[in-house]
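Accompanying notes for the structure given below.
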Amino acid sequence: MAIDIKKLLQSVVAHGASDLHLVSRSEPQIRIDGTLKAVNLPVLTGEDIEEMTYALLTEKQKKVFEEELELDFALLLPNVGRFRANYYRTMGDIAAAFRIIPTAIPSLDDLDAPAIYKQLVKREKGLVLVTGPTGSGKSTTLAAMLNEINLTEHKHIITVEDPVEFIHQNKKCVFSHRETGSDTRGFATALKYAMRQDPDIIFIGEMRDKETIEAALTAAETGHLVFGTLHTNSAPG
């Protein structure tokens, strides 16, 4: 019998874990302080995981997953938290990874960020990239940088993400959060039309391809401040 996925995610949050992994022929696994640990639950079958994971999807998301065999989306569970989810297949079975997205956006001071970060967010134009491997804190760092702007400047900020992770409340800034697949067809398309949306700042969730990078450079060269993440094996020190 499949486990109640919502109760499992609630337990993951309560244990202070950062991630949950569901893979067939294994117990659910959670990551705490960087280490994977098995949850004291039965070994999952492919059928168990399909029942658990499909319970969280809309009909449109099910169709996308069945066609693409991959799916990224953000999940909000009231009174539990927000999660970034990725569904994929392994040996013919569905597998899933969930990452907890903190509901509170940290400040740069909370992250003990170097003073130069506060200088970067005051720029009027240019391209600022936060790089590093998976799990190194790229998204959290950029969320803190945008939060600093939100507290101090009157700007229109457009974010383009897959999926939207941190949701910024309008303080001094006005945010237009756009998610690829539901609000726009893709990163490059969103950047093309962003120029007509009067942005001061554009945040690109991930520089995935040449077209997106070229569009980001064009936006920066035409007087906008552009922030983005880039996956690298290490961050420059």
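Every number in this text was worked out from the coordinates using simple rules, so none of it is lab data. Just so we're clear, the structure is a prediction, and the values are computed from it rather than from any experiment. All Cβ positions, glycine included, derive from the backbone under ideal geometry; neighbour counts span all protein chains shown.
Structure above, values below:
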| item | result |
| --- | --- |
| ³J(HN,Hα) computed for each position of region 204-214 - Karplus, 6.51 cos²θ - 1.76 cosθ + 1.60, integer Hz, glycine/proline x | 10, x, 7, 7, 9, 8, 4, 5, 5, 4, 5 |
| Lys/Arg +1, Asp/Glu -1 at C-beta; the chain dipole; positive extreme among S176, A38, L225 | L225 |
| Debye log10 I(q)/I(0) at q = 0.09, 0.14, 0.15 Å⁻¹ for the chain, Cα point scatterers | -0.42, -0.97, -1.08 |
| Cross-link pairs K6/K60; K63/K138; K138/K210 - those with Cα-Cα distance over 24 Å | K63/K138 |
| Fewest-first ranking of V174, V80, using other Cβ atoms within 10 Å as the exposure measure | V174, V80 |
| Computed lengthening from E214 to S18, 0.36 nm per intervening residue step minus Cα-Cα distance | 67.2 nm |
| Local electrostatic count, I5, Cβ distance below 13 Å [Lys/Arg +1, Asp/Glu -1] | -2 |
| Summed side-chain charge close to V164 - residues other than V164 whose Cβ falls under 14 Å, Lys, Arg +1, Asp, Glu -1 | -3 |
| Where Rh is the Kirkwood radius over Cα pairs, Rg/Rh for region 5-71 | 1.00 |
| Relative contact order of region 5-101, defined on C-alpha pairs under 8 angstrom at six or more residues apart (%) | 27 percent |
| Range of Cα positions in region 1-126 per principal axis (Å), largest first | 53, 33, 28 |
| Tilt relative to the chain, helix 59-68 - C-alpha long axis, 0 to 90 degrees, to 10 | 90 degrees |
| Contact order normalised by residue count of region 108-230, Cα under 8 Å, 6+ apart, percent | 33 percent |
| Residue exposure sequence - D48, D198 - by fewest surrounding Cβ within 10 Å | D198, D48 |
| In sequence order, calculated HN-Hα J values of region 121-138 (Karplus, 6.51, -1.76, 1.60; Hz; x Gly/Pro) | 6, 8, 5, 8, 7, x, 10, 10, 10, 9, 10, x, x, 4, x, 8, x, 4 |
| Under 5 Å, built H, 5+ apart or other chain: amide partners of G181 | G186 |
| Derived scalar couplings ³J(HN,Hα) [region 69-78; Karplus, 6.51 cos²θ - 1.76 cosθ + 1.60; whole Hz; x for Gly, Pro] | 6, 9, 8, 10, 7, 9, 10, 10, 10, x |
| 5 angstrom amide H check on A95, placed H, neighbours 5+ away | Y88, R89, T90 |
| Average projected area [Cα convex hull, region 108-230], square nanometres | 7.0 nm² |
| Contact order relative to length of the chain, as percent, for alpha carbon pairs under 8 angstrom and 6 or more apart | 16 percent |
